[in-house]
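Here the structure comes first, spelled out in structure tokens, and everything after it is commentary.
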Amino acid sequence: MSTARYPENWKEIATAVKEASGWCCTKCGRVCLRPGEKPENWTLSQRKAYTLQVHHWNRDPSDNRWENLVSLCSSCHLDYHRFGQGNISPGQLSLFSEELARN
């Protein structure tokens, strides 16, 4: 992944999006690992499966508007990029974002 198109504060932005989602995948609801969590006896592939990532709906890493970002587990993120779509529409994300902003 090229980081050239991401802002310098991407880590902080991504963490804020993950925190707002409660460290859960917005698509499948999987509860993912928080920073520093390393369950004993888990394999690397298990840890990766429970890693939360931030996806840009329009696939433009320089567009970091709140409504363009969503938390996805690594499996859902991969599926979205593989098939170019997901079960969550940007309209649904906007409703989710508004709910998070109220809380």
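Some points to look at:
- Computed label-point distance, nm, for sites E12 and R47 using a 7 Å Cα→Cβ extension: 2.7
- Full-extension gain in nm, R5 to C24, via 0.36 nm per residue minus C-alpha separation: 4.3 nm
- For peptides 12-25, 64-77, sequence by mean Cβ density within 10 Å, most packed first: 64-77, 12-25
- 5 angstrom amide H check on V70, placed H, neighbours 5+ away: H55, W57
- Inter-label distance, nm, simple model (7 Å from Cα along the C-beta direction), E40/H81: 3.4
Bear in mind that the values in this text are calculations on the coordinates, not laboratory data. Note that the coordinates shown come from a computational prediction; the quantities given were computed from them, not determined experimentally. Positions of Cβ are generated from backbone atoms using ideal geometry, with glycine treated the same way; all protein chains shown enter the neighbour counts.
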